[in-house]
Amino acid sequence: MATKIEGAAGRKGAVKSDREIMEDLEAINLAADWADISQGLRKDLGHQLHSQWIKPIQVGGFCKETGTLDLYLPTEFSANWVLDRFADRLSLAWKIAKNDIRNVKIQVHPGRRKLPDISLHDGGFGGGRRAANDRSDSSMITVAAGTIGEQGFSSSVGLDPSLTFAAFITGETNILGCNAAQRMAATETPQFSPLYLKAATGQGKTHLLHAIGHTYLASHPRARIFYCSAERFMVEFVQALKQNQMMEFKARLRSFDLLLVDDIQFIIGKASAQEELLYTIDALLAEGKRLVFAADRAPQALDGVEPRLLSRLSMGLVADIAPADIELRRKILESKLTRFAPLEVPGDVIEFLARTITRNVRELVGGLNKLIAYAQLTGQTVSLQLAEEQLTDILSANRRRITIDEIQRTVCQFYRLDRSEMSSKRRARAIVRPRQVAMYLSKVLTPRSYPEIGRKFGGRDHSTVIHAVRLIEDLRTRDADMDGDVRSLLRQLES
Ligand SMILES: Nc1ncnc2c1ncn2[C@@H]1O[C@H](COP(=O)(O)OP(=O)(O)OP(=O)(O)O)[C@@H](O)[C@H]1O
């Protein structure tokens, strides 16, 4: 049997056999995995190292018999360089991404193998990032942006040109975070510093950090900006320590006008590096410089971070970005769709994706991209049926969603209460506190809004839910028993 492939722009392509189509699909899946791996490495290594060494990597074929994946680089020199420095990381990342990979072979390109002709202008798979083999130049950042040079911080500013405020869609759940980020990037000095962005994975923290960098640079072209992940900060710190270059390290770190530190939860447990970060924060704040941190949890919930650093992290504004609600998910999909025009995606497909892919925006956008890529590749029309068939992994992962009913049931079992107490009007402390815990867990584990949660707890007002969430958050930082209870409930519910 042969299937006709219709190109991205509606061109008629060649007739492909089923085997060729399977190979193309395998290549698409590898490209999607590579987009995720590459994105992680970009955060870790910074934009400059990433664009120089990782981005040129082309994913070759995967041999099922030997479990070997080929990675190609354009020159002997770059292949050796990547082999020396990144072989272990690349191999580990691929093994985690794809169980059946046993070896990763890094070598010079024997002759270019192209991915199927599909147009993902938006950046390909994996939530709007560039597709694996997209080698387009992204030289958006100029030297003025604070190339640090020499050793120590080896990355330059590290901003992704596609992550701007213009591309960031706002709704009720992220408007506070976005406004605060815009203030941090504005010409006027913000009334708060640092800004601490808190959100679960894939809800746009990194996007906002990059957007701050772009906007600030546009109005301060000579500004020195540093973007890195906390993990990267640790690596740089340890290297400087080993190479006896702490003075240079400190001096460079303190010379920045804007410091953007992503994934601060990874700073955990390294006392000397934490201390250095603490001094840097103090020094930069004293000079009125701007600092932004992003993490997947509140400062108080960062285990193993010393109290003085915690107090610095939370002394400015802590802006919470809640999981995107249905309206925002719809808006994001619609905005992404404009880039695929004239391709048509029916309204019911958008609605289905927005309603089903609720865990995070990365998966949502990744799902849309994958669906469109598949439809273009096989010449099929985008439909609900195609979405159900092609996105089984994403959809089933999202369907395993925790519900408020489940949370109420688990909390009642845990505290040995009757289920009716979740909605009752009784105000005895032994009932009120578990009810507040259940409201808190509903906010943390489900995408429901405060009013929706209130309704599930006997029609309570949203302000009661907000109060409960804040109270439990606060109690968790002061009362070890309460924190222990919540952790144990979280484990039960997430298992
Ligand atoms: N509101 C939004 N509008 C447009 N795109 C968004 C929005 N939120 C997230 N995205 C996109 O979703 C993807 C994931 O976002 P991002 O990497 O910023 O998440 P994150 O919160 O930093 O996640 P992690 O904690 O896993 O690093 C990116 O492609 C980003 O551009």
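Give segment 186-221 a look and list any residue that's within 14 Å of the ligand (Cβ to nearest atom) and either part of a helix (DSSP H, G or I) or outside the structural domain of residue 264 (by TED's automatic domain parsing) (or both), or say none.
The answer is 205, 206, 207, 208, 209, 210, 211, 212, 213, 214.
Restricting to segment 305-320, give me the number of residues that are buried (at least 17 other Cβ atoms within 10 Å of the Cβ), outside any helix (DSSP H, G or I) and more than 16 Å from the ligand (Cβ to nearest atom).
3
Among the candidates 471, 489, 445, single out the residue that is hydrophobic (A, V, I, L, M, F, W, C) and at pLDDT below 90.
The conditions single out 445.
Checking the structure you have, find out if any residue of segment 455-463 is over 27 Å from residue 172 (Cβ atoms), surrounded by fewer than 18 Cβ atoms within 10 Å (Cβ to Cβ) and polar (S, T, N, Q).
no
Name the single residue, out of those in segment 321-367 being among the acidic types (Asp, Glu) and surrounded by 18 or more Cβ atoms within 10 Å (Cβ to Cβ), that is nearest to the ligand (Cβ to nearest atom).
The first filter runs over segment 321-367 and keeps only residues among the acidic types (Asp, Glu), leaving 325, 327, 334, 344, 348, 351, 363.
This time we only want the ones that are surrounded by 18 or more Cβ atoms within 10 Å (Cβ to Cβ), so: 325, 363.
Details: 325: 11, 363: 9 Å.
By that ranking, first place goes to 363.
What residue, of 302, 258, is crowded, with 16+ Cβ neighbours inside 10 Å and at pLDDT below 90?
Being crowded, with 16+ Cβ neighbours inside 10 Å and at pLDDT below 90 holds for just one of 302, 258, which is 302.
For segment 437-449, check the following and say yes or no: at least one residue is closer than 30 Å to residue 339 by Cβ and of a type in the set (Val, Ile, Thr).
Pass one, segment 437-449, residues closer than 30 Å to residue 339 by Cβ: 447, 449.
Now narrow it down to the ones that are of a type in the set (Val, Ile, Thr): none.
No.
Sort out which residues of segment 410-425 are basic (Lys, Arg) and loosely packed, with under 12 Cβ neighbours inside 10 Å, and write them in order of number.
Going residue by residue through segment 410-425, those that are basic (Lys, Arg) are 416, 419, 425.
Those that are basic (Lys, Arg) and loosely packed, with under 12 Cβ neighbours inside 10 Å: 416, 425.
Among the residues of segment 368-387, write down those that are surrounded by fewer than 18 Cβ atoms within 10 Å (Cβ to Cβ) and either without any contact (Cβ under 8 Å) to a residue 12 or more places away in the chain or closer than 13 Å to residue 345 by Cβ (or both).
Those that are surrounded by fewer than 18 Cβ atoms within 10 Å (Cβ to Cβ) and either without any contact (Cβ under 8 Å) to a residue 12 or more places away in the chain or closer than 13 Å to residue 345 by Cβ (or both): 380, 381, 383, 384, 385, 386.
Return the only residue of 40, 60 being outside the structural domain of residue 374 (by TED's automatic domain parsing) and part of a helix (DSSP H, G or I).
From the options 40, 60, the qualifying one is 40.
Name every residue in segment 165-185 that is part of a loop (DSSP other than H, G, I, E, B) and not aromatic (Phe, Trp, Tyr), in order of residue number. Write out each step before concluding.
Step one: list which residues in segment 165-185 are part of a loop (DSSP other than H, G, I, E, B), which gives 165-174.
Matches in segment 165-185: 166, 167, 169, 170, 171, 172, 173, 174.
I'd like to check something: does segment 262-269 contain any residue that is touching a residue at least 24 places away in the same chain (Cβ under 8 Å), within 12 Å of the ligand (Cβ to nearest atom) and open to solvent by 50 Å² or more (accessible area, probe 1.4 Å)? Before you say what the answer is, go through the steps one by one.
First pass over segment 262-269, keeping only residues touching a residue at least 24 places away in the same chain (Cβ under 8 Å): 262-269.
Cutting the leftovers down to within 12 Å of the ligand (Cβ to nearest atom) gives us 262-266.
In the following step, the residues that additionally are open to solvent by 50 Å² or more (accessible area, probe 1.4 Å) were identified as 266.
Within segment 262-269 (the criterion being touching a residue at least 24 places away in the same chain (Cβ under 8 Å), within 12 Å of the ligand (Cβ to nearest atom) and open to solvent by 50 Å² or more (accessible area, probe 1.4 Å)), the answer is yes, since at least one residue qualifies.
At pLDDT 90 or above and over 19 Å from residue 358 (Cβ atoms): is that true of residue 329 in this structure? Spell out how you get there, then give the answer.
Working: at pLDDT 90 or above: yes; over 19 Å from residue 358 (Cβ atoms): no.
No, not satisfied.
Looking at 451, 434, 447 in this structure, which one is farther than 24 Å from residue 355 by Cβ and either in contact with a Phe, Trp or Tyr (Cβ under 7 Å, 6 or more places away or on another chain) or open to solvent by 10 Å² or more (accessible area, probe 1.4 Å) (or both)? Quick ask: steps written out before the conclusion?
Values: 451 fails: farther than 24 Å from residue 355 by Cβ; 447 fails: farther than 24 Å from residue 355 by Cβ.
Just a single option satisfies the conditions, and that option is 434.
Just to verify a result, which residue in segment 85-119, among those that are assigned to a loop (DSSP other than H, G, I, E, B) and charged (D, E, K, R), is modelled with the lowest pLDDT?
117
The values are calculated or read from the model by the stated rules, or taken from the named source; none is laboratory data. This one's a predicted model, so the numbers in the text were calculated from it and none came from an experiment. Cβ coordinates were reconstructed from backbone atoms using ideal geometry, including for glycine residues, and neighbour counts include every protein chain displayed. Surface accessibility is based on the protein's heavy atoms, side chains included, excluding ligands, DNA and RNA. Shrake-Rupley method; radii C 1.70, N 1.55, O 1.52, S 1.80 Å.
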